[in-house]
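What follows is a set of notes on a single structure, which appears directly below.
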Amino acid sequence: MIDNVVPDGGHRKRPSGFRNTLIIGSVGVLSAGLVLVGMSTTANAASTLGASAQQSGRYFGTAISTAHLGDSQYTTIANAEFNMVTPENEMKIDATEPNQGQFNFTNGDRVFNWARQNGKRVRGHTLAWHSQQPGWMQSLSGSALRNAMINHINGVMAHYRGNIYAWDVVNEAFADGSSGGRRSSNLQSTGNDWIEVAFRTARAADPNAKLCYNDYNTDNWTAAKTQGVFRMVQDFKQRGVPIDCVGFQSHFNGNSPYPSNYRTTLSSFANLGVDVAITELDIQGGSATTYANVVNDCLAVARCVGITTWGVRDSDSWLGAGASPLLFDSGGNKKPAYTAVLNALNASPTVSPTPTTSPSPSTSPSPSTTFRLRNEGAGRCVDSPNSATANGTLFQIFDCHTNPNQRFTYSAGKRLEILGKCLDSPTGAGSGTRVQLWDCHTGTNQQWNFNTNGTVTNGANNLCLAVTATTNTSPVTIATCNGSANQRWTMA
């Protein structure tokens with residue numbers, strides 16, 4: 001039985017992206033004559049941030065604190081606008097393991113349960129970090145600390161196994177300044193391989209969660225810190241160290257302004273074969289133009305999977321309401337920056353992700369090997385509802401599990417077989433048609449090609465297997481290929 005109680009999650013603690021010096025008001029304040037950018041030209045543009053982001057297969061999330069879950073204005077805005085949740089402090093080390101070997105998930109579960117009850121996914125934050133360590137961990141060193149880190153990762157990930165979209169496995173391990181090297185910390189003192197060990201431990205603990213490295217002041221492509229992180233990720237990918245994503249906190253202020261080469265940074269990391277995400281966005285002064293620029297930069301990079309703001313209203317920000325850093329003011333009203341972001345999400349980005357209308361075939365899965373089809377954007381698996389086997393059963397996505405109604409085999413005839421039948425694109429189907437379960441045959445509408453960009457295309461129409469939303473029971477369809485996260489699949 002867990003009998004330790006963590007402090008109230010409402011105590012304001014610095015986010016993981018703390019800057020040494022923050023100058024309130026040093027970022028340009030909105031002017032009365034500001035012209036909003038990216039006005040929507042789509043007649044059926046979505047009206048919330050999450051829904052607008054989902055149109056391109058992305059998410060738009062926020063950090064949630066247990067301190068505000070009793071505030072109806074806060075929860076109403078968060079529930080309506082966002083479709084991804086990051087616990088602000090409630091899954092950090094001091095909150096989840098206040099005493100060595102005694103885990104407490106009380107507040108972490110409060111945020112997690114609120115998110116899932118409202119149909120939202122969760123990013124876990126964070127497993128290994130030099131800051132917000134409990135006193136017992138701060139007192140350790142050497143192999144004792146290394147083992148404690150491993151045990152902590154295993155303990156937390158076991159509790160949430162199969163239910164977290166992505167984990168910030170390691171947070172802020174690189175030094176500020178011109179060295180491009182690692183930060184001096186107790187974890188670094190255990191050996192330079194500690195980050196690799198953390199990621200390998202995390203993969204074994206939950207193979208279905210995306211594993212991310214997360215840091216601040218890595219937005220400027222030419223910065224030494226950015227280049228240091230880039231070299232680490234490049235090395236990890238070359239050596240097969242399991243890393244799936246890189247998080248850019250993007251706390252922009254007068255000392256760390258939005259850089260003009262931000263898009264280059266995102267695309268350069270993505271080209272290493274990892275997803276990129278904007279994980280803790282806030283902009284002191286709340287510049288609508290800067291917010292729109294950040295969104296458009298993400299939209300221009302196919303592997304930029306989503307954006308999270310670090311709080312809902314200005315009054316909820318770690319910076320304080322006076323910094324005006326978020327999309328809603330302290331009264332819960334939408335700010336000009338909100339409109340700029342919504343318009344940018346609803347409009348075509350300045351530079352669109354490269355279409356993948358003719359994806360290149362990759363090595364197909366081996367016949368007789370069973371696997372699940374896990375969507376990258378949703379983090380969920382193709383599922384026959386309630387293990388139905390009737391012809392015409394429409395497929396959905398659902399939380400991944402090991403039951404037969406999510407287990408496929410890939411036949412020599414390129415069929416995806418499940419429950420004694422096959423994944424079928426209805427004859428003559430066009431973009432947007434739901435895929436179904438049907439008796440297996442040799443027609444091309446039951447042939448599926450696995451491609452190097454992660455898409456799966458149908459042999460009859462060359463359309464991509466896709467999802468229309470990220471929540472449980474969302475339909476699985478075929479759609480015009482665009483390479484976005486809602487059309488990319490992994491064999492889990």
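The values are calculated or read from the model by the stated rules, or taken from the named source; none is laboratory data. Only a predicted model underlies this, so the values are computations on that prediction, with no experimental measurement involved. What goes into the accessible areas is simple: the full protein's heavy atoms, side chains included, and nothing from ligands, DNA or RNA. Shrake-Rupley method; radii C 1.70, N 1.55, O 1.52, S 1.80 Å.
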Result for the chain: accessible area per residue, probe 1.4 angstrom, in square angstrom, of 36 Å²
In whole percent, and with a 1.4 Å probe on the protein chains, what portion of the accessible area of the chain is carbon and sulfur? 50 percent
The chain: calculated mean residue ellipticity at 222 nm from DSSP helix runs of at least 4, using -39500 (n - 2.57): -7000 deg cm²/dmol
Restricting to Cα pairs below 8 Å that are 6+ residues apart, what does the relative contact order work out to for the range 203-305? Please round to a whole percent. 28 percent
Derived scalar couplings ³J(HN,Hα) [the range 123-130; Karplus, 6.51 cos²θ - 1.76 cosθ + 1.60; whole Hz; x for Gly, Pro]: 9, x, 8, 9, 9, 9, 7, 6
On a straight-distance basis, which lysines could pair with residue 120 in a cross-link, Cα separation under 29 angstrom, same-chain partners fewer than 8 positions away excluded? 13, 92, 210, 334, 335
If I compute Cα extents along the principal axes in Å from the structure I just sent, which labelled value in (1) 73, 52, 47; (2) 65, 59, 44; (3) 81, 60, 54 lines up? (2)
Percentage relative contact order, the chain, counting C-alpha pairs under 8 Å, at least six apart: 15 percent
